[in-house]
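For reference, the structure is listed below as structure tokens.
The values are calculated or read from the model by the stated rules, or taken from the named source; none is laboratory data. In this text, all values refer to a predicted model and were calculated from it rather than measured experimentally. Reconstructed Cβ throughout: ideal geometry from the backbone, glycine too, with neighbour counts over all protein chains shown. Heavy atoms of the whole protein, side chains included, go into the accessibility calculation; ligands, DNA and RNA do not. Shrake-Rupley method; radii C 1.70, N 1.55, O 1.52, S 1.80 Å.
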Amino acid sequence: MLVTLRKAANGLISLSAFAGTLGLIFVTLVVLADVIGRAWGAPLRGAQDFYQMGMVIIVFGGMALCDKLGGHVAVDVFEDHFPDALNHWLNIFAALLGAVIFAGIAYTVYDSAKLSQMLKLATNIVRMPKWYFQWALSIMALITAFGMGLRAVELVLTGPAGRAEREIGK
């Protein structure tokens, strides 16, 4: 069952990262069009709106992949001074805390998206509906929470050496 969950998580993480990649390509093209337009005296109308909404997709699209690859900032000042078992449980706690935080982000942003949809909130210049991006952020935060929670379960089941062995085998 854990293997099935990991495969599902990997698929969702890949999908989220792909969305982030598309967002990055889109924002890059917007910047290019805006810079060329400014050089010709006609900047791209609404470029700021596109940047802001694109950054939501870029940042949260890559968050789950960053966690999966162990790319988050880690301060290991005390790691050498703690026993392996304590470091193991701290890693589990960190994964669970991250899962709770991202689940909280997903819930809060989803709640905000419902309000944005009801009030028909949109970006300032080109009037793009904000709730589409809020829903996307909420879904990507849920994917991140799922991945972090699954990582915590895997850490519990593999013991203190499990994560280190998986990291070496990357």
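The figures follow:
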| quantity | calculated |
| --- | --- |
| The range 1-135, relative contact order in percent, only Cα pairs under 8 angstrom and at least six apart counted | 23 percent |
| Accessible area in square angstrom per residue, the chain, 1.4 angstrom probe | 63 Å² |
| Counted charge near residue 34, where neighbours are those whose Cβ lies closer than 14 Å (Asp, Glu -1; Lys, Arg +1) | +1 |
| Neighbour net charge for residue 56 - beta-carbon separation under 14 angstrom, K R +1, D E -1 | 0 |
| Lysine-lysine proximity count for the range 29-170, Cα under 30 Å, sequence distance 8 or more or distinct chains | 5 |
| For the chain, built as a Gaussian network whose Cα springs stay under 10 Å, the top-fluctuating residue of 98, 20, 71 | 71 |
| Highest average packing first - 137-148, 59-70, Cβ atoms within 10 Å | 137-148, 59-70 |
| Max mean-square fluctuation residue, GNM over the chain, Cα-Cα springs under 10 Å, options 125, 58, 13 | 125 |
| Theoretical ellipticity at 222 nm over the chain - DSSP helices of four or more residues, -39500 (n - 2.57) apiece, nearest 500 | -28000 deg cm²/dmol |
| Reciprocal of mean inverse Cα separation for the range 46-170 (Kirkwood radius, Å) | 16.3 Å |
| Cubic angstrom per residue, convex hull over Cα atoms of the range 11-55 | 44 Å³ |
| Under the Karplus curve 6.51 cos²θ - 1.76 cosθ + 1.60, θ = phi - 60°, whole-Hz ³J(HN,Hα) for the range 14-19, x wherever Gly or Pro sits | 5, 4, 5, 5, 5, 4 |
